[in-house]
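Q: What follows is a single structure, and I will ask about it in a moment.
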Amino acid sequence: MESGFVFSQENAMMAPRGDGMELAVFDRLVNIQGRVEKGFGELKMHEMSLAEGVLQIMEDQAQSQQFKQVKTVWLEIGELSHVSPEAITFCFDAVTKGSLADGAKLEIIRTPGQAWCHECAEQVAVSSLADPCPKCNGHKIQVTDGDDMRVKELEVD
């Protein structure tokens, strides 16, 4: 069995893994702007287009890193991103049929919401965009993390 490699997009270095698999490691932000839209009193989910964006990232990386198949995808989903893990899993399975990621395992990593409070000048945890600062109860907070979704890592063959 050939040795695998670890690919890092940031430094393009490769290191043997030794188990016949390759691991492409990178931090690619998936555009989730406009992911939720209100209309006719219902919430329209855009997880299908998000899953298509994840597939596009995998296809781009497959071309640049020259791998043929994706075995596992680690996807970070922020608590404040309004992306449903169940819906993105369903859409991922549908979108990847017949692709290089057909049958790939999707591992979801939830990341907590973080915000900067301008009133008490502290970084605080928030679970909703409408939450006040848990330290001073002020409402002048700016989200700093947990409102995005990113492909964190791929296990490839």
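Q: Taking the condition of being surrounded by 16 or more Cβ atoms within 10 Å (Cβ to Cβ) and over 20 Å from Gly103 (Cβ atoms), how many residues in segment 50-83 meet it?
A: Within segment 50-83, residues that are surrounded by 16 or more Cβ atoms within 10 Å (Cβ to Cβ) and over 20 Å from Gly103 (Cβ atoms) number 8.
Q: With segment 93-157 as the region, which strands (runs of 3 or more DSSP E) entirely inside it contain at least 3 residues that are over 14 Å from Ile77 (Cβ atoms)?
A: 113-117, 122-126, 141-145, 149-156
Q: Out of the residues in segment 85-121 that are touching an Asp or Glu at 6+ places or on another chain (Cβ under 7 Å) and more than 30 Å from Cys136 (Cα to Cα), state the one that is surrounded by the most Cβ atoms within 10 Å (Cβ to Cβ).
A: Top of the filtered list is Ile88.
Since every read-out is calculated from the coordinates, none of them should be taken as a lab result. All values reported here derive from a predicted model rather than from experimental measurement. Neighbour counts run over all protein chains shown; Cβ positions are idealised from the backbone, glycine included.
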